[in-house]
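The values are calculated or read from the model by the stated rules, or taken from the named source; none is laboratory data. Worth saying up front: this structure is predicted, and the values here are computed from it rather than measured. Note: ideal-geometry Cβ built from the backbone for every residue, glycine included; neighbour counts use all protein chains shown. What goes into the accessible areas is simple: the full protein's heavy atoms, side chains included, and nothing from ligands, DNA or RNA. Shrake-Rupley method; radii C 1.70, N 1.55, O 1.52, S 1.80 Å.
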Amino acid sequence: MYPNRTHSLGTPSRKAIAWVIVFHLAVAAPGTGIAQSNQAAQSAYAAANTLVLNQQWTDARAAMTKYATDYPGTDRADDAGFYACYAVDQMGSAHAQAFECYSRFVADYSRSNYVDDAKAGMVRLARLLSETGQPEYRSRIKELERGDDEDVALAALYAPVPYTQLTMPT
């Protein structure tokens, strides 16, 4: 088109052009390569999220755990990790398991937007567990109260007091 003009970077080699074409096909061609993997991840997360929205906690936990395991590098991996713990929490019978799940989540996804929510869940569960005969969780509450996060410290301070601590005025 412009025979007298040349790029300052020179002419790309055939090998470079071939790599660009291969990459483009992998990303843009539906049903292949990266595009297929991305579609699979999106479908898996959408299905797991539907289970959460429908409050099908056992299935939601399994689906979110599978997503976090199968797609660890995606931008939704931390969402899935949190919602797997949230599902355990919502089942209502495995408080210690939910606490430990949140604790692992905080360790594994320390930069997630869900860390404060996980820590608040830990505080609530630790209070419940300490009041139901597991006093070792009191020290875990103290650890969370001492943390740098002001929101979590406030959550620890203002978490609902278990019924066993309420007294009637005389």
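Whole number in Å², please: accessible area per residue of the range 33-81, 1.4 Å probe, ligands, DNA and RNA not counted.
Here the residues of the range 33-81 average 58 Å² of exposed surface.
At R0 = 25 Å, how high is the FRET efficiency between Gln55 and Asp108 if r is their beta carbon distance? Nearest 0.05 is fine.
Result of the calculation: an efficiency of 0.50.
What is the extension gain from Glu136 to Asp75, computed as 0.36 nm multiplied by their sequence separation minus the C-alpha to C-alpha distance, in nm to one decimal?
Roughly 18.5 nm would be gained on extension.
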